[in-house]
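A.B. asks: My structure is below; once you've seen it, I'll send some questions.
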Amino acid sequence: MVHRNPETFAYMFKRTPNTQTYSSILEYAQKNPRWLNSSHPLLILSPRKQSEIKPVILFGKKLGLQIKIKSGGHDYEGIAFRYKTPFVMLDLINPDDIKIDLKEETLWVQAGATLGQLYYAIAKKRKVHGFAGAVCFSIGTRGIISGGGIVTMMRKYGLAADNVIDTRVMDVSGKILDRKKRKEDLFWAIRGGGGASFSVILAWKLKHVRVPEKVTSFTVTRG
């Protein structure tokens, strides 16, 4: 349950580190055991929908807490669950809707969807469409794209971030902005500068890439 009043919000979740749910979410994110004994968030907040993210931002501002963001995938570098001062993890695993427009050859994907979910959703619609993403299916779309996205098809289609048409983000005041409502330099920055550095990325609008219905792959080994 998400409460609009930040004080009530803090009270309801202040014991979260002692719960089983807290541990399971944290362990899922920590694929690299190097960070198991590092600093951990005071709270892990997992909104069920985008409208519940604003109270988390206001809560962090009111109490002066850093907000670290994790989407639906893993975090080998530990960026989402380590910080030098007390912090809160905003876990965006729940908003993972994917809406595909075959006529326009575009799609909207929410931040919590993984690459595996994205690939599967596209494949169900049409076999000759794809997205220039990586091979690790468990990584979150928000993380891979906001980091630029070195991908298997980049020689032909560029980085994952090069295939972004628009985004929906939430700024520090809780306003939801798209590309038309914000400055172009922010659109440039979040496609490579990191998804937690400038705003909370809610969703990406991506363009499909054309792929053959049958693809041949091979591995070259050298002795």
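A.B. asks: Condition first: in contact with a Phe, Trp or Tyr (Cβ under 8 Å, 6 or more places away or on another chain) and open to solvent by less than 100 Å² (accessible area, probe 1.4 Å). Can you find one or more residues in region 210-223 that meet it?
C.D. replies: Scanning region 210-223 turns up no residue that is in contact with a Phe, Trp or Tyr (Cβ under 8 Å, 6 or more places away or on another chain) and open to solvent by less than 100 Å² (accessible area, probe 1.4 Å).
A.B. asks: Can you tell me which of (1) open to solvent by 40 Å² or more (accessible area, probe 1.4 Å); (2) at pLDDT 85 or above is the one E184 doesn't meet?
C.D. replies: (2)
A.B. asks: Considering only residues that are under 23 Å from A132 (Cβ atoms) and exposed (fewer than 15 other Cβ atoms within 10 Å of the Cβ), which ones fall in region 167-181?
C.D. replies: D178 - this is the single residue of region 167-181 that is under 23 Å from A132 (Cβ atoms) and exposed (fewer than 15 other Cβ atoms within 10 Å of the Cβ).
A.B. asks: Within region 29-49, restricting attention to residues that are open to solvent by less than 90 Å² (accessible area, probe 1.4 Å) and under 13 Å from I93 (Cβ atoms), which residue is modelled with the lowest pLDDT?
C.D. replies: Checked region 29-49; the qualifying residue modelled with the lowest pLDDT is A29.
A.B. asks: Further, regarding this structure: Can you spot a residue in region 199-209 that is open to solvent by 70 Å² or more (accessible area, probe 1.4 Å), more than 23 Å from Y120 (Cα to Cα) and at pLDDT below 90?
C.D. replies: No, every residue in region 199-209 fails to be open to solvent by 70 Å² or more (accessible area, probe 1.4 Å), more than 23 Å from Y120 (Cα to Cα) and at pLDDT below 90.
A.B. asks: Could you list all residues from region 52-80 that are in a loop (DSSP other than H, G, I, E, B), open to solvent by less than 60 Å² (accessible area, probe 1.4 Å) and either over 21 Å from V172 (Cβ atoms) or touching a Phe, Trp or Tyr at 6+ places or on another chain (Cβ under 7 Å) (or both)?
C.D. replies: Once the filter is applied, which keeps residues that are in a loop (DSSP other than H, G, I, E, B), open to solvent by less than 60 Å² (accessible area, probe 1.4 Å) and either over 21 Å from V172 (Cβ atoms) or touching a Phe, Trp or Tyr at 6+ places or on another chain (Cβ under 7 Å) (or both), region 52-80 yields L65, G72, G73, H74, D75, G78.
A.B. asks: So, one more: Go through (1) part of a loop (DSSP other than H, G, I, E, B); (2) at pLDDT 85 or above for V215 and report which single condition fails.
C.D. replies: Every condition holds for V215 apart from (2).
A.B. asks: All but one of (1) in contact with a strand residue (DSSP E or B) (Cβ under 6 Å, 6 or more places away or on another chain); (2) assigned to a loop (DSSP other than H, G, I, E, B); (3) not basic (K, R) hold for L206, so report the exception by its number.
C.D. replies: (2)
A.B. asks: Could you please let me know if Y83 is in contact with a Lys or Arg (Cβ under 9 Å, 6 or more places away or on another chain), at negative phi and either in a helix (DSSP H, G or I) or of a type in the set (F, W, Y) (or both)?
C.D. replies: yes
The values are calculated or read from the model by the stated rules, or taken from the named source; none is laboratory data. All of these numbers come straight from a predicted model, not from anything done at the bench. Cβ: placed from backbone, ideal geometry, glycine included. Neighbour counts: every protein chain shown. What goes into the accessible areas is simple: the full protein's heavy atoms, side chains included, and nothing from ligands, DNA or RNA. Shrake-Rupley method; radii C 1.70, N 1.55, O 1.52, S 1.80 Å.
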